There are 4 protein chains.
Amino acid sequence: MPITLDQAQTIVRAALQHGTEQGFQPLTVAVLDPGGALVALGRQDGSGYLRPDLATAKAWGLLGMGMNSRALAARAEASPDIYTSLVGLAGGKVVSVPGGVLVRDGEGQLLGAVGISGDASLNDEAAAVAGIEAAGLVAETGA
Amino acid sequence: MPITLDQAQTIVRAALQHGTEQGFQPLTVAVLDPGGALVALGRQDGSGYLRPDLATAKAWGLLGMGMNSRALAARAEASPDIYTSLVGLAGGKVVSVPGGVLVRDGEGQLLGAVGISGDASLNDEAAAVAGIEAAGLVAETGA
Amino acid sequence: MPITLDQAQTIVRAALQHGTEQGFQPLTVAVLDPGGALVALGRQDGSGYLRPDLATAKAWGLLGMGMNSRALAARAEASPDIYTSLVGLAGGKVVSVPGGVLVRDGEGQLLGAVGISGDASLNDEAAAVAGIEAAGLVAETGA
Amino acid sequence: MPITLDQAQTIVRAALQHGTEQGFQPLTVAVLDPGGALVALGRQDGSGYLRPDLATAKAWGLLGMGMNSRALAARAEASPDIYTSLVGLAGGKVVSVPGGVLVRDGEGQLLGAVGISGDASLNDEAAAVAGIEAAGLVAETGA
């Protein structure tokens, strides 16, 4: 069962609120279903025009590889060549730095993924986790 | 002045509510700033995975040409060759059927555009107009 | 000998001035060398963001095929299939409607091409011819 | 408020004059609005045909990320993986070396960006700064 629009909109709202409360740079939040398609996106005023693509890519690559962010980063570090190929295959829609987070329900079923871009990578990730938890769902970063 | 995230989220919410009330097929709504970048997007449960790209394209082509939907359709009808070239140049991100609507403020300044895909084109357009008006802004379809 | 930057800047300036004097919609002017690379470009305030690509394409396709605008249009009309293939091969950078004009010196040598987009095609073309003649060069439209 | 064509043409002219006076290699100057679309471009005689794309990319990536040149370079150095992904996402339209400069008005509002390519990166940047200041605007390099 994919993530619903209601859940995705809650994630966008809560993640952006987290960023604002923490004084982060303007963020862009993308929520994708398990097939890699956008369900909801929100870009705060002042967040650059590449941010929607970058936020989407952070989520898209994880879903496409079936890996959480730390597992993808470990693979990229162990084998830079495969990372370069992945980025090429995906037209750039693979990103190994933190800020992409898998979303699961209470039984561990994969519902989709969230990608955030705008501040330092670990701050992006923290906002994604805050958003996912506000929707009553489970965030998997691998950290 | 580009459209704000608050305005864009109001448009998404109200456009989708219009679709639900009218019994439309599940819709996807994209709101773009005047430079053609996404500000907000919402895809209703059951709306297909090409809909985000299609909704975005409906808005993107109008902004890129500086034309409303009916003016672009008239140009496409008068000159199929230029329409073919435009679609190629834009990587498909130009659509001449209704469902893309320019957004202006009370003084006529361009703030962005809304694209909707999911039901019949005129229904998509009606939902976009409803969303834009719910945000207190002016919808330009050219119809 | 390719067109010089001085000549190209004169063309941009004079073509835009022609458009302003005639009350045309805001125009974008692109001047390309015989190899198809930009030498100068100017986009008037309010001309949409797809116009630079479209103006460039109008000139690029003519140079790439070694044909003036009317010859390309005749080919496109006689064989829509080859036009579709051309547009695909060129990523859209071929346009058969008026607004692309070859630039020659007094001895007929090809120096480059001008493409204009923004108003009706024949107005775009008239502005290009005015610009080329202001630079003391010869415009070839095929009309 | 985006940069105007008048301001952009002043920047192109003054930046190229700076390069000529300093004995730089032939330069290409691109001026983009905040949405990443070209407003004006000038390529000096002898500047290679990839220079327009490179000059445009230097400005485009900064605007897309909402970062100045030094901030982007620091991010690229800290995380080569994200830089690789960015370049892929952007189809190459991201460049981290100097030569891309943000343009602001006196109150700090972002009007666009200038990218220059042709000589050593710091010389490219110096020409961009000279052009921006000749237009009475504020250059932000982050250096």
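The values are calculated or read from the model by the stated rules, or taken from the named source; none is laboratory data. Just so we're clear, the structure is a prediction, and the values are computed from it rather than from any experiment. Backbone-built Cβ (ideal geometry, glycine too); neighbour counts: all protein chains shown. What goes into the accessible areas is simple: the full protein's heavy atoms, side chains included, and nothing from ligands, DNA or RNA. Shrake-Rupley method; radii C 1.70, N 1.55, O 1.52, S 1.80 Å.
From Cα pairs below 8 angstrom and at least 6 apart in sequence, can you work out the relative contact order of chain C, rounded to a whole percent? Write down the numbers at each step before the final one.
Values: 321 pairs, mean separation 43.9, N = 143.
Here the relative contact order equals 31 percent.
Quick one: accessible area per residue over the protein assembly as shown, 1.4 Å probe, rounded to a whole number of Å²? Each step should come with its number before you reach the end.
Details: 21720 Å² over 572 residues.
Per-residue value: 38 Å².
So for the protein assembly as shown, Kirkwood radius off the Cα pairs, Stokes-Einstein at 25 °C and 0.890 mPa s: how many µm² s⁻¹? Each step should come with its number before you reach the end.
Numbers: Rh = 24.2 Å.
Diffusion coefficient, whole number: 101 µm²/s.
Test of understanding: in a Gaussian network model of chain C with alpha carbons linked when under 10 Å, which of C:G46, C:G92, C:G66 would top the mean-square fluctuation ranking?
Ranking C:G46, C:G92, C:G66 by mean-square fluctuation puts C:G46 first.
Of all accessible surface on the stretch A:5-140 at a 1.4 Å probe, what whole percent is carbon and sulfur? Each step should come with its number before you reach the end.
Values: 2430 of 4970 Å².
Heavy-atom surface of the stretch A:5-140 belonging to carbon and sulfur, 1.4 Å probe: 49 percent.
Got the relative contact order for the stretch B:1-79 handy, in percent, Cα pairs under 8 Å and 6 or more residues apart?
With pairs under 8 Å counted, the relative contact order is 24 percent.
Give me the inter-chain shielding for D:75-86: mean count of other chain Cβ atoms within 10 Å, whole number please.
That average works out to 6.
Tell me, what is a quarter of the convex hull surface for the C-alpha atoms of the stretch B:64-112, in nm² with one decimal? It would help to have the intermediate numbers written out before the result.
Numbers: hull surface 14.3 nm².
The orientation-averaged projected area of the Cα hull of the stretch B:64-112 comes to 3.6 nm².
Using the 7 Å Cα-to-Cβ label point, sort the distances from C:M1 to its equivalents in the other copies shortest first and give them in nm to one decimal.
Distances between equivalent label points, in nm: 4.3, 5.4, 7.6.
How large is the direction-averaged shadow of the alpha-carbon convex hull of the stretch A:5-140, in nm²?
Values: hull surface 29.4 nm².
Its Cα hull, projected and averaged over all orientations, spans 7.4 nm².
For chain D, set up a GNM with springs between Cα atoms under 10 Å and report which of D:L89, D:L63, D:L111 has the largest fluctuation.
Of D:L89, D:L63, D:L111, the most mobile in the Gaussian network model is D:L89.
Only Cα pairs within less than 10 Å get springs; with that Gaussian network setup on chain D, which residue of D:I82, D:I132, D:I11 has the largest fluctuation?
With Cα springs under 10 Å in chain D, the top fluctuation among D:I82, D:I132, D:I11 is at D:I82.
Just to be sure I understand: if you take the accessible area of chain D alone plus chain C alone and subtract the pair, with a 1.4 Å probe, what total do you get in Å², rounded to 100?
Interface area, both chains combined: 1300 Å², rounded to the nearest 100.
Return the Rg/Rh value of the stretch C:10-61, two decimal places, where both radii are evaluated on C-alpha atoms and Rh is the Kirkwood radius.
Working: Rg = 10.8 Å, Rh = 11.2 Å.
Across the stretch C:10-61, the Cα-based Rg/Rh ratio is 0.97.
For C:G66, go 7 angstrom from Cα along the Cα-to-Cβ vector, then report the distances to that same point in the other copies in nm, smallest first.
With the label placed 7 Å along Cα→Cβ, C:G66 yields 3.6, 5.1, 5.4 nm.
Kindly give the distances from B:G106 to its copy-mates, label point to label point, with each label point 7 Å from Cα along Cα→Cβ, as nm values to one decimal ordered shortest first.
Ordered by increasing distance: 2.9, 4.9, 6.2 nm.
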